[in-house]
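Structure first, commentary second.
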Amino acid sequence: ESKAAGRNAVRFFDPALQERALLRVALQREMRHGLRAGEFVLHGQPIVDEHGRVRGQEALLRWLHPVRGLVSPMQFIPLAEESGFILPLGQWVLQRACELLAAWANDPHRCSWTLAVNLSARQLRQADLVQTVRTALKASGADPRRLKLELTESQLLHDVEDTISKMEALAEMGVQFALDDFGTGYSSLAYLKRLPLAQLKIDRTFVRDVLDDPNDAAIARTILQLAASLDLSVVAEGVETAAQFDTLRAMGCRLFQGYHFGRPAPL
Ligand code: C2E
Ligand code: MG
Ligand code: MG
Ligand code: MG
């Protein structure tokens, strides 16, 4: 009997799993310290037009951990969502982004750029999101029309009416909305039409094989047609080669983002 219990105990003890759990707890604690210590920085990746001219940037958060080095947002954003720390962190991102926009307004090369900020699901469900954005804009003096907020399809499925009313309040201030990673989630046409959206971003999984995979090319073309009929602009994400750029441009895409034009870099 004790042997059987021992075997069960062994089966339940997974050192790799325990190590991951400890790492999560450590990272969640260190994130709170890191924000106070100034370890988070905003990088920007250019968004260019069909001539390759920069039209704006997407703000991408970076955590420069003093011991662990650069921690990817793919790693810390889900943890921050889980613990609720995404709310102060997201507020910091919005403040920094608006400060940057306000500084660009005095720079002849950057005054027409937009700055896109990623919003997490938790921020969208936050009751005072509209007030948080309004405060960041007011305190910095940034032009709301230059601020773009990126959401994903899956985020929008959550409490649709509440989401739409928040989006409408922000859109009335002039803030624009983009649907990120488009094509990887589920959206019905009728539903898209109800949202105050300005832009769709074709997910980079469709851009990657747009030259070789007829299905991906068809998806990219369909998104561009859909966007045209809904009067939305389109950004192709993850453009890494001139051939991808040319192909998407020939399909009618007018905005592009990816390593071919620039990697995320300090703003
Ligand atoms: P995203 O919003 O879809 O951002 C685009 C990601 O694709 C970025 O990864 C960017 O570095 C990467 N990328 C850009 N061009 C290329 C390319 O040509 N090839 C490839 N392979 N990748 C490319 P990053 O910076 O690691 O960010 C990952 C995700 O983390 C973002 O995906 C976004 O969902 C999230 N994230 C980043 N910053 C924030 C933030 O401030 N708040 C929130 N809530 N989420 C953020
Ligand atoms: Mg994004
Ligand atoms: Mg994206
Ligand atoms: Mg993406």
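See the values below:
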quantity: Given (1) under 25 Å from TYR191 (Cα atoms); (2) loosely packed, with under 13 Cβ neighbours inside 10 Å, index of the condition VAL130 fails; calculated: (2)
quantity: Residue count, the stretch 136-182 (criterion: in a helix (DSSP H, G or I), closer than 15 Å to LEU100 by Cα and of a type outside the set (Lys, Arg)); calculated: 5
quantity: Enumeration of residues in the stretch 191-222 that are touching a helix residue (DSSP H, G or I) at 6+ places or on another chain (Cβ under 8 Å), away from ligand 2 (no atom under 16 Å from the Cβ) and in a helix (DSSP H, G or I); calculated: TYR191, LEU192, LYS193, ARG194, ARG208, ASP216, ALA217, ILE219, ALA220
quantity: Neighbours by Cβ (under 6 Å, 6+ apart or cross-chain): first from the stretch 131-159, on the phi > 0 side of the Ramachandran plot; second modelled with pLDDT of 95 or more; calculated: GLY141/ALA102
quantity: Hits in the stretch 35-71 (condition: of a type outside the set (D, E, K, R), surrounded by 13 or more Cβ atoms within 10 Å (Cβ to Cβ) and either more than 30 Å from ASP107 (Cα to Cα) or without any contact (Cβ under 8 Å) to a residue 12 or more places away in the chain (or both)); calculated: HIS65, VAL71
quantity: MET74, sole failed condition from (1) without any contact (Cβ under 8 Å) to a residue 24 or more places away in the chain; (2) away from ligand 4 (no atom under 16 Å from the Cβ); calculated: (2)
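The values are calculated or read from the model by the stated rules, or taken from the named source; none is laboratory data. In this text, all values refer to a predicted model and were calculated from it rather than measured experimentally. Methodologically, a virtual Cβ is constructed for each residue, glycine included, from the backbone with ideal geometry; neighbour enumeration extends over all protein chains shown.
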